[in-house]
Each structure stands twice: as structure tokens, then as C-alpha cells.
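J.: Pasting a structure here, questions to come.
The values are calculated or read from the model by the stated rules, or taken from the named source; none is laboratory data. Here the structure is a predicted model, which means the values were calculated and not measured. Because the Cβ atoms are built from the backbone with ideal geometry, glycine has one as well, and the counts that use them run over all protein chains shown.
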Amino acid sequence: MPHLARARSCSRPALPLGLAGCLALACTGDAMTSATTTAGSSSSSSSSSTDTAVETTSSTGTTSESTSTSSESAGTSTDTSSSTTEPATTGTTTTGDLPGEPVVLVDNCVRCRQLVLDEDHVYFTALGLTNADNGVLGKVAKTGGAVTTLADGLVSPFDLALRDGILYWVDGKRGVVEKVSIDGDAYALVAEGLILPVDVDTDADHVYWVDAGDSMMLNGSLARAPLAGGPPETLLDGLDSPQTIAVVGESVVWVEAGAVRAMPKNGGAVEVLAKDQPLPASLLAEGNQVVYWVNKGMGGTGSIQRVDLMGGAFEPLVSGLTVPWDLALDGERVYWTNVEAGKSILYAPRDGGDPQIALGDQGRPEGIAVDDTHIFWADFGLPPSFSGGQLVRLLKP
């Protein structure tokens, strides 16, 4: 049964990669298992098996990477308990870095998917094994150390948002939107009975999400609920498999049927901001009127795009990419993950320019975030076991 865990910690040192033979401790509740890192790569392997997503796992058969196309729905009953953090000895941490030297914050993070940051911590989702209920929502200090499980028993926690000390996420196959505080308490079910919620965002008053629905039925939807609590409100229905959402000023923006669309947050006319896009995804707001996205494309047709909601054509900033996946911004650059063609972490000037590789030869880097000094990303791991998944940080070039 899906449930919220009481917050719990275990010792987990942050490990600079490239130091062959360093011992990596993987957290799973109150237990710890070990693995060995591989020089020059942020992938690791292990053969011991335990029972949550942030752990060393093994597989007796091939598992699927599919995370966003199933319309399977499970029950939404949730057990909660009071949040207490059990005493744990914090492992060795790394506060400094060498350029080009990644540091593993969480090892054996099975199908590590998405992450958000605050001043001191990284919050992340891990899907766990395919079609199991061992996904987790966790947190770890940016400098490494103990990993705290905030929620477990999840099935497919696809996306994550943070506002005012509260984490919001969608669990696609359970058909729910949920929230919990960054300390692991104040859990609440925001919405249930959905078909396939896949993305979430917030503004000062509401949490918004898109439900992809059944791709054959045109029953996707866009909805929201008050942050303070209250019933969900459907803003649009009858959508064609919407896949991502962003709140941009007074508008809500989403991707649907190869187009980037927008409408006022309180409802109104729908505007097409960009059409005929090759697999658009990963919307990211800049301020109150600009939105960026990736076009995953095929055969080198991927790109980074942006558009000003106040008017003007969309701008291709970087083109010729092969399956860019997720985006992050700082004051000077746009950063993205690339799940094919080098499996890299890349960046370019935020107004466009030639891409540069921050780090290549990763497993399957997906979610990405940045702060003033570092790049953080979630490596999904590789099939069949996905035991090479990790949460990683890197000093900005």
C-alpha cells in the first residue's frame, strides 16, 4: 500500500567520482549497503537487493524504462505517521570540488528522476523498480551526508515542485497529487482519482498539474487546487495527452499535441505560442513572461527554444541536439541534460550559442537544477536493473 514514511536518515558520504575503489554507502531506511564507484563515470553497480528506490538493487529480468505512457491506475489510500528523524551518524561530506570532478550525493538511486533545490538541500524523486511500489521522495544536503526519506511506497513520482517549505508531486500510476513538508510532516492528499498526472507547478496561491489521460480517449486535463487546501478545480478538459506545465506570470503554459499553449490562470481563451514542435517537453519559466522548453526531436532535430508570452515569435537558442531532456537556468546560461549522443550535461549562453559539455559519458541524466556554484542532476540509471542511478553534483565550469 502506498504510504508516507516517517522521515528517516542514514549515513551516506558524498563521493568524488574518478577515485576508483572508494566505498559508496547506499541508504535504504535503517539499512546500508555498499557498492564500488567506477573511475571516470558516475555509474556504479552492485548485486545486493533491498526494498526501496534509494538502494542497491538487482534484477532477474529485463525491466522497461517507460514512465509516461501507461494509463494504469492504482488505489490511493495513504497511511501517514508522525515525522521523526532517527539518529544517524553523518558520513564524510565534501564541501569543495575540483573542476570537472563530479560528486555522488546519493548512490544506487533506482530510476532517479527529478530534483528541486533550496538553499541547503536537494529534494529528489526515484521511481524504483518498474510497476512496483518502492519509489521514494528524499532529501540530502548539497554537501552530502545523511539521506532522509520523506515519502516512500510511491509508484511513479514523475515530477516535483517546491514552494514555501512544501513539496508537491504527482504519482502518475496511483493517479494522485500529494504534498509534504521538507521536514517530512504536514502530509496531505491534494487530488486523487486522476488517470495519469505527469507534471506539476505552483504559484503563490495554487498548485497546478496536467493529467495526460488515456492517449486514445482525448481525456487529458489541466487542473489546480488551493495551496491552503480545498477541492481541485478543472481548468480545461478534453486535452490530447498534455505532458508538461509551467506557471508564467498570470498564465499557465502546457505542451499538447506538438504545440506549446497558454491561457490565463483563472481560465479563458487558449493561445498557441508555438506549433509543429518535434516532441516539446520540460517547460521552464523565466520571470513573469518568458518560457523555455526543449524539443527532444529525432535524428539530431532536438533544440532549446523560448518565447515571450507578451508577443513575438519563438526563438531557437540551440539546435542540432539529440534528445535533450530537462532544463535549468542561471543569470548567464541555460543548462540541460542529454539522454542520448554522449549522455551529457551541457550548457550554452542563455541567449543562444554553441553548446558546451560540462560532463559527458553519464548513464541516463534526466532532471537537472543549478544554484550559484553547482549543477545537480538525477541519473536514471540503465536497464535492466537501473542500479546505476545516482544523484550527482558538479562545480560549474
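J.: If only one of Gly311, Gly300, Gly267, Gly238 is among the small types (Gly, Ala, Ser) and part of a strand (DSSP E or B), which one is it?
T.: Gly238
J.: If I go through the range 295-314 residue by residue, how many of them are surrounded by fewer than 18 Cβ atoms within 10 Å (Cβ to Cβ) and in contact with a Gly (Cβ under 7 Å, 6 or more places away or on another chain)?
T.: 1
J.: Looking only at the range 356-374, count how many residues are surrounded by fewer than 21 Cβ atoms within 10 Å (Cβ to Cβ) and either in a loop (DSSP other than H, G, I, E, B) or modelled with pLDDT under 95 (or both).
T.: Qualifying residue count for the region: 5.
J.: Report, ordered by the first and then the second residue, all pairs with beta carbons closer than 8 Å, sequence separation of six or more or different chains, a first member in the range 288-314 that is closer than 18 Å to Leu329 by Cβ and in contact (Cβ under 8 Å) with a residue 60 or more places away in the chain, and a second member that is of a type in the set (Gly, Ala, Ser) and assigned to a loop (DSSP other than H, G, I, E, B).
T.: Leu309/Gly249
J.: Quickly run through the range 167-197 and pick out the residues that are surrounded by 20 or more Cβ atoms within 10 Å (Cβ to Cβ), part of a loop (DSSP other than H, G, I, E, B) and charged (D, E, K, R).
T.: Correct list: Lys173, Arg174.
J.: Got a sec? Which of Asp326, Asp308, Asp351 is charged (D, E, K, R), out of contact with any Pro (no Cβ under 7 Å at 6 or more places or on another chain) and over 17 Å from Ser282 (Cα atoms)?
T.: Asp351
J.: Failed condition for Ala348, given (1) without any contact (Cβ under 8 Å) to a residue 24 or more places away in the chain; (2) surrounded by fewer than 21 Cβ atoms within 10 Å (Cβ to Cβ); (3) not in a loop (DSSP other than H, G, I, E, B), with all others met?
T.: For Ala348, the failing item is (1).
J.: Could you tell me which of the residues Val136, Val147 is within 15 Å of the chain's Cα centre (by Cα) and not acidic (Asp, Glu)?
T.: Val136
J.: Additional query: Among the residues of the range 241-264, how many are in contact with a Leu (Cβ under 6 Å, 6 or more places away or on another chain) and assigned to a loop (DSSP other than H, G, I, E, B)?
T.: Adding up the residues that qualify gives 1.
Listed here are the residues, each with its yes/no results for (1) of a type outside the set (Asp, Glu); (2) at pLDDT 95 or above; (3) in a strand (DSSP E or B).
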| position | (1), (2), (3) |
| --- | --- |
| Trp293 | yes, yes, yes |
| Glu340 | no, no, no |
| Phe376 | yes, yes, yes |
| Ser385 | yes, no, no |
| Leu394 | yes, yes, yes |
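J.: Given (1) surrounded by fewer than 14 Cβ atoms within 10 Å (Cβ to Cβ); (2) in contact with a Gly (Cβ under 8 Å, 6 or more places away or on another chain), identify the lone condition not met by Glu332.
T.: Here Glu332 meets the rest and fails (2).
J.: Shifting gears a bit: Out of all the residues in the range 211-235, which are touching a residue at least 60 places away in the same chain (Cβ under 8 Å) and either over 21 Å from the mean Cα position of the chain (by Cα) or assigned to a strand (DSSP E or B) (or both)?
T.: Scanning the range 211-235 gives Asp214, Ser215.
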